[in-house]
Amino acid sequence: MTLFRTFILKLSFFKPFENLITKSFLFKKLVKRFVASEDLEAAFKIGEEYCREGYLVSMDQLGEHVESTEAADTEAEAYTEMAGRIAKSPMKDKMNISVKLTALGMNLGDDIAKENYRKILDVCKPHGTFVRADMEDSPYTGRTVTIIEDLFREYKNCGTVLQSAMHRTQSDIQKMIGMGARVRIVKGAYLEPETVAYQQKSKVDEMYVDGAKKLLKEGTYPAIATHDPKIIETLKEFIEQEKIPKERFEWQMIYGIRRDLQKQLLDEGYNIRIYIPYGAAWYPYFSRRLAERPANLFFILKSLFKK
Ligand code: FDA
């Protein structure tokens, strides 16, 4: 974990920093780079446009940590609305959904989140739309895995995300492989204690490659989600060596990050899905993106000193 990343993630919980980012004009351009739109319709159009270009997309209505059942219901309704829009789209086979279980009420109880997730899965199931539960920080890891284990018996269109930073991930990968559930593997975007997560970037990267290889060989249509060119090259060599067909997995990248690499993988004939975040509650998501790359903040600082 780099010092910069730790610093920004800690700072993101500090109200004046949040005010600076959400209220200042300085960050507008950068927010626009990472957040497709605050509005569902506009974001949906962007998603469809990506599909027309040949990409796959995952639509993510931004929001997390709701603290009332009413707010959780509202989030679930927004997701069922998105599911309805997808069902009617000519691009529906290229679109799926990502959701955070704390947006569906996990802080009020796992049953509330599970029932709201079930509502979305019910709308999506007849259309074959996949709905992935994003992975949040460590207090939610085991609970998310358990919800997937429960729901997967009934809904083959659910799956989750596993973070290579977490000590438990290799065993969760094995569990998901055993069940036949789809996994997106990521490095992990949250600040975690050393009791549960590797702190060294090199170790997180090493575990990423290990986990991704296991999923590519034995998993069900895994999603390899990274912008790391070195890891992508290593995995491409593995894919070739093991003769893994291109239709058996997909790459995933985030809207606004490494568009050159996204296009390169598309041109090479791989399945590549773009994660498209939208909605007004973008601050926590944006601060995680800010923390991932010092250059994002330097870009803002530079513009301060420009005439
Ligand atoms: P790494 O951080 O090493 O970056 C590699 C390169 O990518 C950088 O050198 C830079 O060029 C580029 N890059 C990365 N981040 C950037 C940024 N913010 N701005 C500009 N350039 C950047 N995490 C999680 O905990 N739970 C989840 O559910 C998800 N879901 C998810 C979905 C998808 C589709 C992706 C791609 C990622 C996630 N993540 C996530 C985030 C993930 O855990 C991780 O924090 C980021 O992907 C950054 O890690 P990289 O693998 O890209 O490598």
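The values are calculated or read from the model by the stated rules, or taken from the named source; none is laboratory data. Model, not experiment: these values are computed from the prediction. Reconstructed Cβ throughout: ideal geometry from the backbone, glycine too, with neighbour counts over all protein chains shown.
So the values come out like this:
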{"read-out": "Hits in region 121-142 - residues which are within 16 Å of ALA78 (Cα to Cα) and either more than 16 Å from the ligand (Cβ to nearest atom) or out of contact with any strand residue (DSSP E or B) (no Cβ under 9 Å at 6 or more places or on another chain) (or both)", "value": "LEU121, ASP122, VAL123, CYS124, THR129"}
{"read-out": "Residue satisfying all of: in region 223-245; touching a helix residue (DSSP H, G or I) at 6+ places or on another chain (Cβ under 8 Å) and more than 20 Å from ILE257 (Cβ to Cβ); surrounded by the fewest Cβ atoms within 10 Å (Cβ to Cβ) among these", "value": "GLU242"}
{"read-out": "Residue match in region 177-194 (condition: touching a Phe, Trp or Tyr at 6+ places or on another chain (Cβ under 8 Å), on the phi < 0 side of the Ramachandran plot, away from the ligand (no atom under 14 Å from the Cβ) and not hydrophobic (A, V, I, L, M, F, W, C))", "value": "no"}
{"read-out": "Checklist (1) more than 16 Å from the ligand (Cβ to nearest atom); (2) in contact with a helix residue (DSSP H, G or I) (Cβ under 7 Å, 6 or more places away or on another chain) applied to MET95, failing item", "value": "(1)"}
{"read-out": "Every residue from region 261-280 that is in contact (Cβ under 8 Å) with a residue 24 or more places away in the chain and loosely packed, with under 14 Cβ neighbours inside 10 Å", "value": "ALA280"}
{"read-out": "Cβ pairs under 6 Å, 6+ apart, first in region 237-260 and over 18 Å from GLU292 (Cβ atoms), second in a helix (DSSP H, G or I)", "value": "PHE238/LYS213; ILE244/LEU216; PHE249/LEU216"}
{"read-out": "So GLN199, is it within 9 Å of the ligand (Cβ to nearest atom) and outside any helix (DSSP H, G or I)", "value": "no"}
{"read-out": "Residues located in region 202-230, provided they are within 10 Å of the ligand (Cβ to nearest atom) and either farther than 16 Å from ARG293 by Cβ or out of contact with any Phe, Trp or Tyr (no Cβ under 6 Å at 6 or more places or on another chain) (or both)", "value": "ASP205, TYR208, ALA223, ILE224, ALA225, THR226, HIS227, ASP228, PRO229, LYS230"}
{"read-out": "Residue match in region 151-169 (condition: modelled with pLDDT of 95 or more, surrounded by fewer than 18 Cβ atoms within 10 Å (Cβ to Cβ) and assigned to a helix (DSSP H, G or I))", "value": "no"}
{"read-out": "Unique residue being within 30 Å of LEU297 (Cβ to Cβ), part of a helix (DSSP H, G or I), away from the ligand (no atom under 15 Å from the Cβ) and within 20 Å of the chain's Cα centre (by Cα) when the list is GLU48, GLU75, GLU18", "value": "GLU75"}
{"read-out": "Filtered residue count, region 234-283, keeping only those that are in a loop (DSSP other than H, G, I, E, B) and not aliphatic (A, V, I, L, M)", "value": "13"}
{"read-out": "Residue check for THR102: surrounded by fewer than 16 Cβ atoms within 10 Å (Cβ to Cβ), of a type in the set (S, T, N, Q) and either modelled with pLDDT under 95 or not in a helix (DSSP H, G or I) (or both)", "value": "no"}
{"read-out": "ILE148 more than 14 Å from the ligand (Cβ to nearest atom), closer than 19 Å to GLU218 by Cβ, in a helix (DSSP H, G or I) and within 19 Å of the chain's Cα centre (by Cα)", "value": "no"}
